[in-house]
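A short write-up of the structure that comes next.
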Amino acid sequence: MGNYILKRLLSMVPTIVLVSMIVFFLVRLTPGDPAIAMLGEEATPAAVAALRAEYGWDQPIPVQYAIWLSKVVQGDLGRRVRTNQPVSQAIIERLPTTIELTLFALVISLSIAIPTGIISATRRNSASDLITTTLALIGVSMPSFFLAMLMIFVLSLNLRWLPPMGFTPLAESVTDNLKGMIMPAIALGAGAAAVVARLTRSSLLEVLTQEYIRTARAKGLAERVVITAHALKNAMIPVVTIVGLQVGALLSGAVITETIFVLPGVGKLAVDAIFARDFPMIQGVVLFLSLIFLFSNLLVDVLYAFLDPRIHYA
């Protein structure tokens, strides 16, 4: 297992380099001049040229990338254009909000999806199965931003149960923090819940047709024992794969959700950086999210070995 993890970590290097290269070049193809965005339209050509030279933006793009990558290898993601704050420091400051939102959304989605998926599979073709599959289909089809705006309109503007936007740190007030995070977490996790519920249902239905399940039932075991002790563990293997991928999807979706609800997370930081033409910040956020996505997939593969003893990694 140790050798496998080491090989996977080494295989991440070319992937990260390729992602960083694509993002670096695409960012520089976007319209707008970061020097003018930083100094304003009234800046003199000399001041703009001096700023470009200071940040290396007057160099050819491959040279800019080589300089940036050499600094990244040393742990330096650069500095923000407007505030001169280190990019890594800005990400670390915003990270707790994004992690809280992602975990909250993941907990909500799994606590809804897995029980409903099990109920739907064990009561196939019943009314509860029909309701679950219909809601899952709606959840898959509905974009998170539309659900977010719908909840703001109903729960905030009409019923006035929850604040429409804003964020209170958990350390200041647990109650206010939850009030501000519940709608973003539901909006972010609804799609994931629908996907996991559908997969849990189909995976469990497939496992329930296996020979060893029929043998367990023939031995007179209670249906609850058959489901929990024999079927559920094997049915969860493909679900774990999707959950691992959903972590990356939730982090990506946080960009939109944090912007709608004005949450000070990494996603909102990325959107602000795009509007400000803050190249170092955009590159740093994308690189950071890519690393999290790759590590979450590695974690999923490692969990396979614990869920299915037949899987061995060389």
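In the range 140-173, what residues are over 21 Å from the mean Cα position of the chain (by Cα), in a loop (DSSP other than H, G, I, E, B) and surrounded by 14 or more Cβ atoms within 10 Å (Cβ to Cβ)?
L162, P163, P164, T168
Condition test on L137, is it open to solvent by 40 Å² or more (accessible area, probe 1.4 Å) and part of a helix (DSSP H, G or I)? Before you say what the answer is, go through the steps one by one.
Values: open to solvent by 40 Å² or more (accessible area, probe 1.4 Å): yes; part of a helix (DSSP H, G or I): yes.
Considered against the rule, which asks whether it is open to solvent by 40 Å² or more (accessible area, probe 1.4 Å) and part of a helix (DSSP H, G or I), L137 comes out as yes.
Condition first: within 19 Å of P184 (Cα to Cα), touching a residue at least 60 places away in the same chain (Cβ under 8 Å) and either open to solvent by less than 30 Å² (accessible area, probe 1.4 Å) or touching a Gly at 6+ places or on another chain (Cβ under 6 Å) (or both). Now tell me which residues in the range 263-288 satisfy that. Steps first, answer last, please.
First, the residues of the range 263-288 that are within 19 Å of P184 (Cα to Cα): 263-272.
Checking the rest, the ones that are also touching a residue at least 60 places away in the same chain (Cβ under 8 Å) come to 263-269.
L263, G265, V266, G267, L269, listed by residue number.
Given A43, A50, A37, which one is in contact (Cβ under 8 Å) with a residue 12 or more places away in the chain and surrounded by 12 or more Cβ atoms within 10 Å (Cβ to Cβ)?
Numbers: A43 fails: in contact (Cβ under 8 Å) with a residue 12 or more places away in the chain; A50 fails: in contact (Cβ under 8 Å) with a residue 12 or more places away in the chain.
On inspection, the qualifying residue turns out to be A37.
Considering every residue within the range 101-114, establish whether at least one is farther than 30 Å from L205 by Cβ and open to solvent by less than 40 Å² (accessible area, probe 1.4 Å).
Yes: one or more hits.
Which condition does I99 not pass, out of (1) free of Cβ contacts under 8 Å to residues at least 24 places away in the same chain; (2) closer than 19 Å to L289 by Cβ; (3) more than 24 Å from the chain's Cα centre (by Cα), if it passes all the others?
Result: I99 passes all but (3).
Can you tell which of R124, R79 is in contact with a strand residue (DSSP E or B) (Cβ under 6 Å, 6 or more places away or on another chain), basic (K, R), touching a residue at least 60 places away in the same chain (Cβ under 8 Å) and over 30 Å from A148 (Cα atoms)?
R79
The values are calculated or read from the model by the stated rules, or taken from the named source; none is laboratory data. This is a predicted model, so every value here is computed, not measured. All Cβ positions, even for glycine, are placed from backbone atoms using ideal geometry, and neighbour counts span all protein chains on display. Accessible surface areas use protein heavy atoms only, side chains included; no ligands, DNA or RNA. Shrake-Rupley method; radii C 1.70, N 1.55, O 1.52, S 1.80 Å.
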